[in-house]
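Coordinate-derived values only; no laboratory data. All figures in this text were calculated on a predicted structure; none of them were measured in a lab. For neighbour counting, all protein chains shown are included, and Cβ atoms are generated from backbone atoms with ideal geometry for every residue, glycine included.
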Amino acid sequence: MFRVDDKYRLELHWTNVVYNIEGIANLNGAYFKGPVLKEVAQLEQQDSMSLDFKGQYISMVQFYYVAVLSWQGVNQTVEKISLDNVILKNKNLNSVPKLNNDDYILIDTKDHDDIKHPYILTYPAYLLKFDGELCTFRR
């Protein structure tokens, strides 16, 4: 079972997901929310972060379950950060599961702070169903 301290929770939600190209998910209506937003500085308008989903698999192949989340456009408020032109891409086809419209991604930011920022580029992430239940797709 996974556990992410509330203080470090960052959730990525979207209204719908479209796969025009295999391995690339376009996340329409995407936004970040969660308690950690109280600590977040202004996000760059165009940026990316790596999400490591290995915690949901039995096989622990280093970097195999990493996907890159990127965006071009940010509207930031205290409660949420809306993102434009969002894609989630993984180079190893089928190493990250297909997303559903009502799923969301929980990102653990525990090991990230201003000092470590240039060095911590990959975050543990978990795909959850709309009700908060961890999706199971172990191999």
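Miscellaneous remarks
- Our coupling estimate for segment 65-76, obtained by passing each phi through the Karplus curve with A = 6.51, B = -1.76, C = 1.60 and θ = phi - 60°, is 9, 8, 10, 9, 9, 10, 8, 9, x, 9, 10, 10 Hz, Gly and Pro reported as x.
- Among LYS98, LYS54, a tally of other beta-carbon atoms within 10 Å of each Cβ gives an order, fewest to most, of LYS98, LYS54.
- As a proxy for reagent exposure, PHE53, PHE130 were ordered by neighbouring Cβ count within 10 angstrom, fewest first; the result is PHE130, PHE53.
- Residues THR77, THR109, THR122 arranged by fewest to most Cβ contacts within 10 Å: THR77, THR122, THR109
- Local net charge near GLY23, Cβ-Cβ under 11 Å (Lys/Arg +1, Asp/Glu -1): +2
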